[in-house]
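Enquirer: Below: one structure in structure tokens.
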Amino acid sequence: RERVPLQQPTIEGGSQCERDVSNGRTHDQQIAAVFEQYSAMLKRYLWSKVRSQEDVADLMHETYERFQRHKDRIELATAQNFLFTIARNLIIDRVRHKRVSEVDQNVDVELLLDPLPSPEQQIIDAEAVSALNSAIESLPSQCRRVFVMRKIHQLSQKDIAEKLSISVSTVEKHIAMGMKQCRQRLIKPLS
């Protein structure tokens, strides 16, 4: 099956709809192409989390349904992230449901669910994410690409090497350098 490359959003004039029509593809077709393009990666991600072919098939179907339900609000530039966020949320929902369904009737269900973080913890978490993003952005471009593909998108080193036409050894070196530089930026020496 031939994959159709996604059309990147442009800064040129005209609405998104006009650009899509001029490319010969509607927004709906581009959204469907995003799902198709990332379906193998999505299956691997789901398998790494649930380890059941039946659950993976169910989650793939549910992810597609939700992705399609929200297609009018999806920006093509962030469609992949949105797709994986849907999948992650479905996994969390499934784990929570499983916890609740296996509970003894005398147990308070609220104690089993993860509590919402306090406002202070939310600020601390946001600052940590911002610091990590800043550390990643400071990496050299090739190193950053490899680092994000491995640590964020969880691609294998072999897949990264093939996608970027570099050796696995080079991928390993970029990951090690990225980890070292991020660690140095995030861990401040005691004074």
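Enquirer: What does the charge count around Lys163 come to, taking other residues whose C-beta lies under 12 Å from its C-beta (Lys +1, Arg +1, Asp -1, Glu -1)?
Expert: Values: positive: Arg145, Arg150, Lys158; negative: Asp159, Glu162.
Its environment carries a net charge of +1.
Enquirer: Just read off the accessible area of Thr170 with the full protein assembly in place, 1.4 Å probe, to the nearest 10 Å².
Expert: 50
Enquirer: Tell me, what is the 1.4 Å probe accessible area of Cys182, in Å² to the nearest 10?
Expert: For Cys182, solvent-accessible area is about 10 Å².
Enquirer: Follow-up. Could I have the simple spin-label model distance between Gln53 and Glu127, label points 7 Å from Cα toward Cβ, reported in nm to one decimal?
Expert: Placing both labels 7 Å along Cα→Cβ, they lie 5.0 nm apart.
Enquirer: Please give me the summed charge of the neighbours of Trp47: other residues whose Cβ is under 13 Å from its Cβ, Lys and Arg +1, Asp and Glu -1. Write down the numbers at each step before the final one.
Expert: Working: positive: Lys43, Arg44, Lys49, Arg51; negative: Glu54, Asp55, Asp58.
Once all neighbours under 13 Å are counted, the net charge is +1.
Enquirer: May I pose another question? Any chance you could run the full-extension gain for Arg44 through Gln184? It's 0.36 nm times the residue separation minus the Cα-Cα distance, nm to one decimal.
Expert: Between Arg44 and Gln184, full extension yields 47.3 nm more.
Enquirer: Could you calculate the contour length gain from Thr26 to His97, that is, 0.36 nm times the residue separation minus the distance between their Cα atoms, to one decimal place in nm? Numbers along the way, then the final one.
Expert: Details: separation 71, 0.36 × 71 = 25.56 nm, distance 3.70 nm.
Roughly 21.9 nm would be gained on extension.
The values are calculated or read from the model by the stated rules, or taken from the named source; none is laboratory data. Values in this document were obtained by computation on a predicted structure and should not be read as measured data. Cβ: placed from backbone, ideal geometry, glycine included. Neighbour counts: every protein chain shown. Only protein heavy atoms, including side chains, enter the accessible area calculation; ligands, DNA and RNA are left aside. Shrake-Rupley method; radii C 1.70, N 1.55, O 1.52, S 1.80 Å.
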